[in-house]
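Chemist: Got a structure here, written out as structure tokens. Questions coming.
The values are calculated or read from the model by the stated rules, or taken from the named source; none is laboratory data. Computed from a predicted model, the values in this text were never measured in an experiment. All Cβ positions, glycine included, derive from the backbone under ideal geometry; neighbour counts span all protein chains shown. Quick note on the areas: whole protein, heavy atoms, side chains included, nothing else; ligands and nucleic acids left out. Shrake-Rupley method; radii C 1.70, N 1.55, O 1.52, S 1.80 Å.
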Amino acid sequence: MGLDARVDEGLLDGVQAQVDGAAGGERAGQRGLAAAGQAGQDDQHGVPPPSGGPSEPPPRRGRAARARTRRRPAPRGFPYGACVPRTAAPTVRPVRPAGARRGRLPRRVAAAWWWALPVAVALAATAWRYDAKPLWRDEIYTLATAVREPAVMLRGLRVTDAGLGPWYALVHPWVQVSQSAAWLRLPGAVAAVVAVGLVAGCARRLRGPVGGAAAGVGAGLCAALLPVLVEHSQEARPYPVVVLCVTAAAYGLLRDRERPRGRWLLLWVGASTAAAALHVLSGAPACAALVAVVLLRPAAARRRRVLLGAVPLVLVTLAMVAVGFGQAPNRIGDDFPVLSRTLGLWHSVAGGTVALVVLAVLCGAGLLARSGRAGGRGRFEALFTAAWVAAPVAANAASALGGQLFEPRYATAAAPGVAVLCGLGVAAVAGRGSARRALVAGLAAALLLVAQVPHLAEVRRQPYVVDDMPSAARDLAARARPGDAVVYLGNTTRPMARLHLPPGLGLDDVLLRRDTPVSVSIGGDEVPDGERAAVLAGRSRVWLVGIRLNDPWEVVFPASSAAVRTGRSLRFDAEHGQVRVQLWARPGTA
């Protein structure tokens, strides 16, 4: 064995002893180094090595022995800069100071400003005058349906409103805790706030690392003040929850498309299925369009994975279409202005002309910038957001053309897509590293927010949504006499009036045959039309309470109206929002 080999073995012995850290390791390392030094001196003075001359080959060793002494680079800070065998113990990582650990949380919080700021704005906008308005008729429908026993609820849904059956089933255990307006509206309020955060996440994910924060904060702030979300965030209806489900499905699709994981697959499959079940005209078209775009450009995800994940969405959509549309034949006439009503949906996303112009400019900038970007990523972003916005609007218009239903709130699922597109426009205007362009983008976003604030203030300051039943109940309580008869027009009028009328008023609900808890209708079952005049014949004073509709009551409720008016004259007539209260009395009655 030559001088170099013996020196290397001595160094290795010393290094191994120091790494092991056993008792006496330091002394063993010193002995190994001393042996290496002594070997060098012997060779310099001509002393032959103990195992023979330098020309003697080293003894053969087995594979296991060679593996144990195989060398690898020493860890950082290892003494002598030598190489160590694989059997050496790993180095212990230095312990971070306590101050460094405490500094992680502030840094993470500071890095989350792009979604935390919009969520804070949405929370403030939703909490402002949260329970100041009374429940209006649609919320009363939710309450009156959800409080019923499951068997009675199912019988009622077979007759009407089966398309919202999953929503009522979801609210049923919720109303067992409380039936107050604040508690009833809490799921929608929470869903609206969380949806704003997910909208910011979708915009940031679509934009990418460059400009992602600007896109996220722009989209989130836009979503927080969109009129359609502002109006429904304080309502006990499914629309805020549908918006949350659609936005969660979009976020899950974007994450699963980039890096397929089981949790992202579960997120978008569950959220899209829930959106279709809660509202087939709003949630199902939006989710189906997003899944179709990802299916066309799956990126890292396999198309088979996307197709299998879309199966629950398709099945639930078909089932809800079959159930819901079977109860709504020919509700809209041929003269319905589909085009003008569809174009009028811009009021759902803009509170005025200035807001509409700024929003259109930002959305156009985001769409053009992403579609013109080199490569397939930009085209995917443009297609993804455009499909998100267009699908619910097109489904609403198609439903009207088919003579079924048309309501502006049925296109609510398009609102987060508009906000995402607006956020992409803010990031496109800001550009990269230009202070002037960043200032222009910030001013445009600020102008949009300022233009949306008046609508927010107007909606929040309204004393009621459309039905001022508390004022109508005060009129009844002030003028009613014990023994007066009352006739309710419309299936939601009776439960809404009972919620606000004081107990012991003495009004006689003469037409009611089967009360609401056991009736198929939430308004209760009344006597047949042909018997109503006979039931009211002996009543001198009859109160008529109902919802003001486009057509007069004589056309919509002919039997009840004729029975009340026969032999009586109008003594009192008042309107409170869309609630109308009339008193009809016989001649000579005070």
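Chemist: Can L281 be described as open to solvent by 10 Å² or more (accessible area, probe 1.4 Å), hydrophobic (A, V, I, L, M, F, W, C) and touching a Ser or Thr at 6+ places or on another chain (Cβ under 9 Å)?
Modeler: Answer is yes for this residue.
Chemist: Which condition breaks for L117 when tested against (1) assigned to a helix (DSSP H, G or I); (2) at pLDDT 80 or above; (3) open to solvent by less than 60 Å² (accessible area, probe 1.4 Å)?
Modeler: Condition not satisfied by L117: (3).
Chemist: Just to verify a result, which residue in segment 256-269, among those that are part of a helix (DSSP H, G or I), open to solvent by 40 Å² or more (accessible area, probe 1.4 Å) and touching a residue at least 40 places away in the same chain (Cβ under 8 Å), is nearest to C202 (Cα to Cα)?
Modeler: Across segment 256-269, the extreme among qualifying residues is E258.
Chemist: Given the residues A271, A236, A301, which is the only one that is under 20 Å from V389 (Cα atoms) and either touching a helix residue (DSSP H, G or I) at 6+ places or on another chain (Cβ under 6 Å) or assigned by the TED database to the domain that holds A181 (or both)?
Modeler: A271
Chemist: Residues to consider are L253, L343; find the one that is open to solvent by 40 Å² or more (accessible area, probe 1.4 Å), within 22 Å of A386 (Cβ to Cβ), aliphatic (A, V, I, L, M) and part of a helix (DSSP H, G or I).
Modeler: L343
Chemist: Still on this structure: Mind telling me which of the residues P587, P517 ends up being at pLDDT below 90, closer than 26 Å to A181 by Cα and open to solvent by 30 Å² or more (accessible area, probe 1.4 Å)?
Modeler: P517
Chemist: Considering only segment 171-189, state which residues are open to solvent by 40 Å² or more (accessible area, probe 1.4 Å) and hydrophobic (A, V, I, L, M, F, W, C).
Modeler: W174, V177, W183, L186, listed by residue number.
Chemist: Looking at (1) modelled with pLDDT of 85 or more; (2) at positive phi, which is the one condition that is false for N330?
Modeler: Status for N330: all satisfied but (1).
Chemist: Please specify each residue of segment 194-240 satisfying the condition of being among the hydroxyl-bearing types (S, T, Y) and within 11 Å of the chain's Cα centre (by Cα).
Modeler: Y239
Chemist: Checking the structure you have, find out if any residue of segment 492-501 is in contact with an Asp or Glu (Cβ under 8 Å, 6 or more places away or on another chain) and in a helix (DSSP H, G or I).
Modeler: yes
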